[in-house]
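*Asks:* There's a structure below that I have some questions on.
The numbers here are math on the coordinates, done by the rules we state, and not lab data. Values in this document were obtained by computation on a predicted structure and should not be read as measured data. FYI the Cβ positions are ideal-geometry reconstructions off the backbone, even for glycines, and counts take in every protein chain you see.
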Amino acid sequence: MDLHWIDLLIVLVYVGGTIAAGVLARSSIKGISDFLVAGRALKTHMAVATMVSTGLGLVTVMYFAQEGFVNGFSPFIVGVIATVAHIVIGKTGFLVSRLRHTQVMTVPELYEIKYSRGVRLLGGSILGLAGTLNMCLFPILGSKFVVGFTGMDPSWVNPVMIILLIIVVFYTLMGGMVSVVLTDFAQFVLLTIGFLLGTYFILVHPDLGWDTITTSLEQHKGVDAFDPITNPSYGWIFVLYFISISFVSIVWQPEISRPLSTEDSSVARKVFWIQGLTSVGRAVIPMFWGAAAFAWTHLPSYTGTYASDGQSAVPEMLGQILPVGVAGLLLAGMFAAFMSTHDSYLLAWSGVFVRDVVSPIKAMMEGAPEGRSADDTWGGLSSEREIYWTRIFVILLATLLAGFGMFFIDRLPETAFKWMYLTGTIYFAGTVGTVVLGLYWSKANRVGAYCALIFGGMGPINFLVMSMVPELVPAFMQSFVENSNLTVMASLIMGALGMIVGSLLTQKSNPPRPLDFSDMK
């Protein structure tokens with residue numbers, strides 16, 4: 001291992017502090033609202049820090065870096081679109097204000113308020129499936145960063161992944177969202193410093209620098225490295241899809257849990273527009289690192305291991321060019337990013353499975369009335385049992401993630417970035433109808449919600465299945481298998497049409513449930 005003892009000490013001090021914070025947070029957990037949404041008491045500065053930390057996980061660095069390695073500067077448009085969308089959302093309160101006003105902890109809870117318990121059960125199942133598939137790459141990509149950065153033998157990837165997961169699971173189980181928030185603020189600071197220093201040393205390195213990077217991209221990739229429209233991985237369909245998804249994806253449970261944890265809807269709006277200012281940097285900087293790693297691997301003096309691996313080339317480059325102390329600080333920041341995203345996602349998906357799948361099933365079996373009780377339960381499990389089963393699901397999901405990383409990482413249909421949005425769209429497509437239209441269209445009803453969830457999720461699921469058996473795909477479907485951009489865009493449209501058509505045809509037999517926002521601040 002190439003890591004200096006000073007760098008290793010920096011990382012160990014951070015890990016020890018994180019574990020201590022998780023243990024201390026355990027005493028503050030009084031009920032399920034404390035465990036999942038930190039008692040709904042986050043103020044603006046803390047909510048922004050923890051939301052940025054969650055959005056910038058180590059897996060984010062890895063999949064954005066891979067995009068830069070493969071496609072150069074073209075994917076920079078992703079960061080620009082995300083920033084504009086989040087600022088607009090923050091200023092207008094689109095979706096965020098109304099969701100926070102309903103006082104839900106998970107998005108599928110809205111389905112029971114607006115539609116029915118059955119819709120909530122289906123929506124929770126789809127969200128849990130999409131979230132689990134989406135998260136499958138997180139542990140293995142984080143481990144590949146640590147192994148590549150430290151110069152360990154590649155055979156250590158799986159053991160390192162398991163060790164990292166054990167640490168994350170431990171302190172997530174201890175304090176839930178309170179533990180997450182306590183450590184996220186420190187992670188936010190580390191990430192900011194690490195990003196700035198990493199970029200600085202790339203630009204001033206004698207073998208890299210801006211001119212070397214751009215010249216290498218021009219020579220080996222041509223105009224596709226700079227123009228997202230001509231680049232076959234993107235194009236106009238992707239741009240339109242990403243504009244749409246940037247407004248809808250705010251209801252992704254790990255992201256929306258921060259605004260739902262705030263004091264009120266006005267704070268929730270502030271959280272979005274302030275953290276939106278960072279979106280472009282969170283995307284562009286890792287992409288720039290990926291482009292730099294591409295140039296690094298094409299230097300005549302390059303003797304590394306990952307010349308054709310866009311996921312591992314970036315940590316390998318950073319581990320070799322950063323000075324002692326800075327390397328430890330950046331690795332601690334990246335480890336912080338790994339933990340921040342994992343704890344938030346494990347908590348989010350476990351909470352969804354328990355509150356929106358297990359608890360509704362139990363409530364149906366007991367014949368409990370629909371709706372929320374005073375202690376934030378919904379007629380199924382008690383608050384204490386929800387915490388218990390959420391912790392069980394955290395362990396189960398972590399085990400599943402480890403298995404996927406060890407056995408299926410090499411079977412992805414496209415880049416890691418495309419996998420994230422493809423699996424996310426299984427859920428996002430349905431929310432176009434159930435959440436967007438449900439909150440703003442008075443005619444949205446239960447039948448329309450079922451149609452939106454089913455028809456919206458079919459496209460991405462079919463793509464994943466067809467990409468595994470391409471030889472069985474009919475000729476007229478080949479374009480959808482070869483280009484996931486068509487699939488995800490069509491899925492968003494199907495989700496919206498499912499709600500509109502299904503609702504309009506059944507207004508009399510299934511009258512809509514109204515939502516009252518008259519007293520919203």
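*Asks:* If r is the Cβ-Cβ distance from Leu9 to Trp236 and R0 is 51 Å, what FRET efficiency results, to the nearest 0.05? Write out the running numbers ahead of the final one.
*Replies:* On the way: r = 50 Å, r/R0 = 0.99.
Step by step, r from the Cβ atoms, then E = 0.50.
*Asks:* Fewest to most neighbouring Cβ within 10 Å: what's the order for Ser301, Ser143, Ser233?
*Replies:* Numbers: Ser301 6, Ser143 25, Ser233 19.
With the sparsest Cβ surroundings first, the list reads Ser301, Ser233, Ser143.
*Asks:* Using a simple spin-label model with points 7 Å from Cα along the Cα→Cβ vector, what separation in nm is obtained for Ile166 and Val88?
*Replies:* 4.8 nm
*Asks:* I need Met458, Met161, Met406 ordered by Cβ neighbour count within 10 Å, fewest first.
*Replies:* Working: Met458 19, Met161 24, Met406 14.
Taking fewest neighbouring Cβ atoms as first place, the list is Met406, Met458, Met161.
*Asks:* Taking neighbour counts of Cβ atoms within 10 Å as a proxy for exposure, in what order, fewest first, do Ser503, Ser340 appear? Working shown, then result.
*Replies:* Details: Ser503 25, Ser340 28.
So the ranking, lowest neighbour count to highest, is Ser503, Ser340.
*Asks:* Express in nm, to one decimal, how much length is gained between Ile493 and Asp207 on full extension, taking 0.36 nm for each residue of separation and deducting their alpha carbon distance. Please list the in-between numbers first.
*Replies:* Working: separation 286, 0.36 × 286 = 102.96 nm, distance 4.74 nm.
98.2 nm is the gain from fully extending Ile493 to Asp207.
*Asks:* Expressed as a whole number of Å, what is the distance separating the alpha-carbon centroids of the stretch 58-105 and the stretch 222-272?
*Replies:* Here the two parts' Cα centres lie 3 Å apart.
*Asks:* Could you go through the stretch 200-214 in sequence order and give the Karplus-derived ³J(HN,Hα) for each residue, using 6.51 cos²θ - 1.76 cosθ + 1.60 with θ = phi - 60°, rounded to whole Hz, and x for Gly and Pro?
*Replies:* 4, 6, 5, 5, 9, 5, x, 8, 10, x, 4, 5, 4, 5, 5
*Asks:* Here's a follow-up. Provide Rg over Rh for the stretch 54-93; use the alpha carbon set for both Rg and the Kirkwood Rh (inverse mean inverse pair distance). Provide the component values of the computation, followed by the final result.
*Replies:* Numbers: Rg = 12.3 Å, Rh = 11.3 Å.
In the stretch 54-93, Rg relative to Rh is 1.08.
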